[in-house]
Amino acid sequence: MGQLLRYFWVGSCAALLDLIFFLLFHNALGLNYLVVGIVGFILATLLNYLLSVHWVFTSGIRFGRRLEIASVYGVSLVGLALHALVLFTLVEHMDVSPLAAKVLATGLVFFWNFSARRYFVFAPKRSND
């Protein structure tokens, strides 16, 4: 449970970065919400990784640094696809405001990100790995 709470804190910091980026570039500057959503999500993933290996997970127990980062981004690509799908569906088909859709999409993807990182990327090596 402590790990989930620490990841929640890390995820909250990354989500805050993502949200501020979204507000600045979509709401204030009028850039396309999908492009801004995707770029912000990628930047937030980098922040999430850096904070996660410092406070949540042990880096390097399953993969070397390069493969670990690649795995985090691989997991995040699935999360990004889910995020974009939820964002697009809510805004374009359910008439939800872009900001509300962004918050909902981020909350849903949080659970995917934590689980995939915990049980795949940062899981200890098994004897047959």
>> Quick check on this structure: which one of Ser97, Ser71, Ser52, Ser76 is hydroxyl-bearing (Ser, Thr, Tyr) and in contact (Cβ under 8 Å) with a residue 60 or more places away in the chain?
In response: Ser52
>> Every residue in the stretch 22-49 that is under 12 Å from the mean Cα position of the chain (by Cα) and surrounded by fewer than 18 Cβ atoms within 10 Å (Cβ to Cβ), please.
In response: Ile38, Val39, Ile42, Leu43, Leu46, Leu47
>> Tally up the residues in the stretch 63-108 that are at pLDDT below 90 and in contact with a Pro (Cβ under 9 Å, 6 or more places away or on another chain), please.
In response: 0
>> Would you confirm whether or not the stretch 70-89 contains a residue that is farther than 18 Å from Trp112 by Cβ and buried (at least 16 other Cβ atoms within 10 Å of the Cβ)?
In response: no
> Out of Phe111, Phe122, which single residue is surrounded by fewer than 17 Cβ atoms within 10 Å (Cβ to Cβ) and out of contact with any Pro (no Cβ under 8 Å at 6 or more places or on another chain)?
Replying inline: Phe111
> Inside the stretch 79-94, can you point out the residues that are farther than 20 Å from Phe8 by Cα and in contact (Cβ under 8 Å) with a residue 40 or more places away in the chain?
Replying inline: Ala84, Leu87, Phe88, Val91
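The values are calculated or read from the model by the stated rules, or taken from the named source; none is laboratory data. This one's a predicted model, so the numbers in the text were calculated from it and none came from an experiment. Virtual Cβ from ideal backbone geometry, glycine too; neighbours counted across all protein chains shown.
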